[in-house]
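Right, one structure below, let's go through it.
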Amino acid sequence: MIKFFRHIRQSLINQNKTKKYLLYAIGEIILVVIGILIALQIDNWNTARINKVTEIKTLNSLYSDLALQTKIIQKQIDKEESFIHMVDSGLRMINTKNQIDSFVSLMDSLTVRLTFVANRVTFDNIGKGAKTTVITNSDLHSDIVKYYQYLDYTESVVNNNNLFRVNSQFGDYILDNELGIQMNEQGELYLESNLGPEKKYKLTKQLEGRKYSAENNRDKCLSQLEKTKTLMQSIETELADD
């Protein structure tokens, strides 16, 4: 094809047909420009297609992460609820006669805590927000970034509660045996001097602090669960539109 155009151009030059040659040259330039524009358009179309495939894969992956996150959050909520119920039982047991073994077991169970886990694999892989522009819906993009910022906050609040209120306060109180729990030669547990007014007061305050921690964690997780479900719905809508 190139040789064909060259042959025509050379023929026109040899025939001294300058005007026709110029018209031909202009036409050739126009054809080249059109060819370039078509190539650019095809390249843009192909890039847009690849980006759309990437966006859909990213949204599906984020949705899967969020689905797992709902399970993680619900487990945390259930665990915090169980701690709240245990504290209530402990508060009742202070002023009633119960088996010391049951009491000790309950106090020991309350030294346990569940670490909150933020499932952010996909979000981290796309650059912690810097590269989430692969998501073309600007409102959805903003919602995703804000969601993971709030998830970080929830993770920090819950785990700091666990560290300082559960481990350092209630946990140390029980492990230091402030209640005076002893064991006789028969392996039976008993409370040294029972629970006097001062010990009851301190234990009550410790249990109230433990309950506050569990309630705070539960409420924070309930808020996070609602935000998770809302974002999942937004992603579902976006995928349906695609």
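The values are calculated or read from the model by the stated rules, or taken from the named source; none is laboratory data. All values derive from a computational prediction rather than experimental measurement. For neighbour counting, all protein chains shown are included, and Cβ atoms are generated from backbone atoms with ideal geometry for every residue, glycine included. Accessible surface is based on the protein model in full, side chains and every heavy atom, while ligands, DNA and RNA are left aside. Shrake-Rupley method; radii C 1.70, N 1.55, O 1.52, S 1.80 Å.
In Å, what Rg and Dmax follow from the Cα atoms of segment 50-100?
Rg and Dmax of segment 50-100, Cα atoms, are 21.8, 71 Å.
Report the charge-dipole magnitude of segment 62-170 in Debye, nearest 20, computed about the Cα centre from +1 at each Lys and Arg Cβ and -1 at each Asp and Glu Cβ.
120 debye
Obtain the nm distance between the two label points defined at VAL121 and ALA67 by a simple spin-label model: each point lies 7 Å from its Cα along the Cα-to-C-beta direction.
About 1.3 nm separates the two model spin labels.
Just to be sure I understand the curve: with the Debye formula and one point per C-alpha of segment 43-199, what is log10 I(q)/I(0) at q = 0.08, 0.13, 0.14 Å⁻¹?
For segment 43-199, the Cα-only Debye profile gives -0.43, -0.75, -0.81.
At 1.4 Å probe size, with every protein chain present, just tell me what the per residue accessible area of segment 88-242 comes to in Å².
Per-residue value: 57 Å².
To one decimal place, what orientation-averaged projected area in nm² is obtained for the convex hull of the Cα set of segment 51-136?
Projected area, direction-averaged: 7.2 nm².
Run the accessible area of segment 27-164 with a 1.4 Å probe and give the carbon-and-sulfur part as a rounded percent.
59 percent
Taking 28 Å as the cut-off for C-alpha to C-alpha distance, list the pairs among LYS75/LYS146; LYS202/LYS227; LYS71/LYS205; LYS200/LYS220; LYS71/LYS211 that go past it.
Long pairs (Cα-Cα over 28 Å): LYS202/LYS227; LYS71/LYS205; LYS200/LYS220.
Suppose every Lys and Arg Cβ carries +1 and every Asp and Glu Cβ carries -1, with no other charges. What dipole size does segment 86-242 come out with about its Cα centre, to the nearest 20 debye?
Around 360 debye, computed over segment 86-242.
Find which of CYS221, GLY209, ASN125 sits farthest along the positive direction of the dipole of segment 102-242, computed with +1 on the beta-carbon of Lys and Arg, -1 on that of Asp and Glu, about the Cα centre.
GLY209
Scaled to the compact-protein estimate 2.2 N^0.38 Å, what is the alpha-carbon radius of gyration of segment 160-242, rounded to two decimal places?
Details: Rg = 21.9 Å, N = 83, 2.2 N^0.38 = 11.8 Å.
Computed over Cα atoms of segment 160-242, the ratio equals 1.86.
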